[in-house]
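Q: Mind having a look at this structure? Questions to follow.
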Amino acid sequence: MSALSINAERLLSRIRALGEIGRDSDSRLTRLAASDADKAGRDRLVQWLREAELEIEVDQIGNIFGVWRDARNAENAPVLIGSHIDTVIDAGIYDGCYGVLSGLETIQTLREAGTALAHPIAIAAFTNEEGVRYAPDMMGSLVYAGGLSIDEALAIVGTDGSVLGEELRRIGYAGAGVPGLSKPHAYVELHVEQGPVLEREGVPIGAVENLQGISWQRITIEGVANHAGTTPMSMRRDAGHAAARVIGFLHDRAIASNTPTVATVGCIAFEPSAINVIPSRAMFTVDLRDPDAERLKVEEAALAGYLQDLAAAESMTVTAERLARFEPVTFDAKIVGIIEEAARGRGLVSKRMTSGAGHDAQMIARIAPAAMIFVPSVGGISHNPREYTADADLVAGANVLFDVIQRLAAD
Ligand code: HGY
Ligand code: MN
Ligand code: MN
């Protein structure tokens, strides 16, 4: 365990300050990628990076980096600490921001202590981790890892019809840096668990060894609009009812499977969306996840088969558009071991676990040894303003990150 610890008050006050940026008139926190609210959050982070006298770089997909290097280690690849500061709609204040600000805190504490390290340390705030406005999610880190070309990413059209590249230019974060030019020596991401496991087991630290596969699709069902009052049930081609059947199929299948498979329909829209018109069209998203690559494929095939049968039985047209598809990822065993040792060194129990949520770490794992540290989420709640982690757990997690980074940057 390091003789040093992070400055808890500075970290906690920054988490709260960033959590106030991007609230609407109902005090709902929403900083969607490349929005004005995202710009305000980015500007605040950049201001803190400047105050910490870090080298600031912004790449072409808008990823923000703060780098601390000195004459002794400038030639070596940096140890990278990352996450994101964009949010979902009506979000909590910890998802992503906790990891970025803990990375900044790690650097500032080491710098103030005059610690000499063999590797520079950098923090990253990756663009569009949430994928709510522009799919796929984890986009900035995916481009950085070489999984999506910068041109394709910048051309992506959002749910509001905007184009990502134009929006990044508009908010002043279309940087010059070529994404992923320098490969990190190692990558660590600290994140709230966003699930119930650590709290339920009374464990303060999660040493995340793998992350489940993710499949995002947009389904469109074309029926026939007709009068809600005059059309007999037997004559309807009701896209709304067809969508409801798909949602029921996904939900019931996931529950009956008795496996970790999860299925979510998070967005849905009908056309013409009138109270007395049978919907002619239903558009909805499907989020399927499973830690097992083969099972995820089986679930995708089952959905495709169901859609095909439904189209035939109801004489409707059903189309599926892939929005994101990421295989399950196994993190670096050595770093997972260092996380467990660091927790022990702080007198903290840790637990090896799988991440249910997607994270930038799953993309950086493609190009560097990577792993994650989790801290408990109260009630397992996230993507919800009631998202909460106790200060003591936030500080404990940040100190474990602090110790892990020193180990990784020492040799
Ligand atoms: O979808 C996810 O799991 C992440 O929050 N982007
Ligand atoms: Mn996150
Ligand atoms: Mn999230």
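Q: Looking for something over 18 Å from the mean Cα position of the chain (by Cα), closer than 28 Å to THR259 by Cα, assigned to a strand (DSSP E or B) and not acidic (Asp, Glu) - is there at least one such residue anywhere in region 329-349?
A: Checking region 329-349: not a single residue is over 18 Å from the mean Cα position of the chain (by Cα), closer than 28 Å to THR259 by Cα, assigned to a strand (DSSP E or B) and not acidic (Asp, Glu).
The rows are residues; the columns are (1) more than 16 Å from ligand 3 (Cβ to nearest atom); (2) crowded, with 21+ Cβ neighbours inside 10 Å; (3) at positive phi.
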| residue | (1), (2), (3) |
| --- | --- |
| ILE275 | yes, no, no |
| ARG281 | yes, no, no |
| PHE284 | yes, no, no |
| LEU310 | yes, no, no |
| ILE339 | yes, yes, no |
| HIS383 | no, no, yes |
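Q: Right, next: Please count how many residues of region 335-360 are within 15 Å of ligand 1 (Cβ to nearest atom) and small (Gly, Ala, Ser).
A: Total satisfying the criteria: 4.
Q: Looking at SER377 and the list (1) in contact with a Lys or Arg (Cβ under 6 Å, 6 or more places away or on another chain); (2) within 13 Å of ligand 1 (Cβ to nearest atom), which single condition is not satisfied?
A: Here SER377 clears every test but (1).
Q: Now for a different question. If only one of LEU80, LEU4, LEU104, LEU32 is part of a helix (DSSP H, G or I) and among the aliphatic types (A, V, I, L, M), which one is it? If you could, list the steps in order and put the result at the bottom.
A: On the way: LEU80 fails: part of a helix (DSSP H, G or I); LEU4 fails: part of a helix (DSSP H, G or I); LEU32 fails: part of a helix (DSSP H, G or I).
On inspection, the qualifying residue turns out to be LEU104.
Q: Could you check THR317 against (1) closer than 30 Å to SER280 by Cα; (2) crowded, with 17+ Cβ neighbours inside 10 Å; (3) more than 16 Å from ligand 1 (Cβ to nearest atom) and say which number it fails?
A: Among (1) closer than 30 Å to SER280 by Cα; (2) crowded, with 17+ Cβ neighbours inside 10 Å; (3) more than 16 Å from ligand 1 (Cβ to nearest atom), THR317 violates only (2).
Q: HIS185 is checked against (1) touching a His at 6+ places or on another chain (Cβ under 8 Å); (2) within 16 Å of ligand 1 (Cβ to nearest atom) and fails just one. What number does that condition carry?
A: With (1) touching a His at 6+ places or on another chain (Cβ under 8 Å); (2) within 16 Å of ligand 1 (Cβ to nearest atom) applied to HIS185, the lone miss is (2).
Q: Would you be able to say whether some residue in region 93-115 is more than 17 Å from PHE326 (Cβ to Cβ), among the acidic types (Asp, Glu) and within 15 Å of ligand 2 (Cβ to nearest atom)?
A: yes
A quick yes/no check of all residues on (1) out of contact with any helix residue (DSSP H, G or I) (no Cβ under 7 Å at 6 or more places or on another chain); (2) small (Gly, Ala, Ser); (3) farther than 27 Å from ARG281 by Cα:
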| site | (1), (2), (3) |
| --- | --- |
| ASN128 | no, no, yes |
| MET138 | no, no, yes |
| SER141 | no, yes, yes |
| GLY158 | no, yes, no |
| ALA176 | yes, yes, yes |
| GLU193 | yes, no, yes |
| ILE205 | no, no, yes |
| GLU209 | no, no, yes |
| THR220 | yes, no, no |
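Q: Okay, next question. Please verify whether GLN406 is away from ligand 1 (no atom under 16 Å from the Cβ), outside any strand (DSSP E or B) and outside the structural domain of VAL203 (by TED's automatic domain parsing), treating the condition exactly as stated. Walk me through how you get there before you give the answer.
A: On the way: away from ligand 1 (no atom under 16 Å from the Cβ): yes; outside any strand (DSSP E or B): yes; outside the structural domain of VAL203 (by TED's automatic domain parsing): no.
Judged against the criteria, GLN406 is not a match.
Q: Look at region 74-91 and say how many of its residues are surrounded by fewer than 24 Cβ atoms within 10 Å (Cβ to Cβ) and within 10 Å of ligand 3 (Cβ to nearest atom).
A: Restricting attention to region 74-91, the residues satisfying the condition of being surrounded by fewer than 24 Cβ atoms within 10 Å (Cβ to Cβ) are 74-77, 88-90.
When the remaining residues are screened for being within 10 Å of ligand 3 (Cβ to nearest atom), the result is 88.
The number of residues fulfilling the criteria is 1.
The values are calculated or read from the model by the stated rules, or taken from the named source; none is laboratory data. Quick caveat: nothing in here was measured; it's all calculated off a predicted structure. No Cβ is skipped: glycine too gets one built from the backbone with ideal geometry, and neighbour counts run over all protein chains shown.
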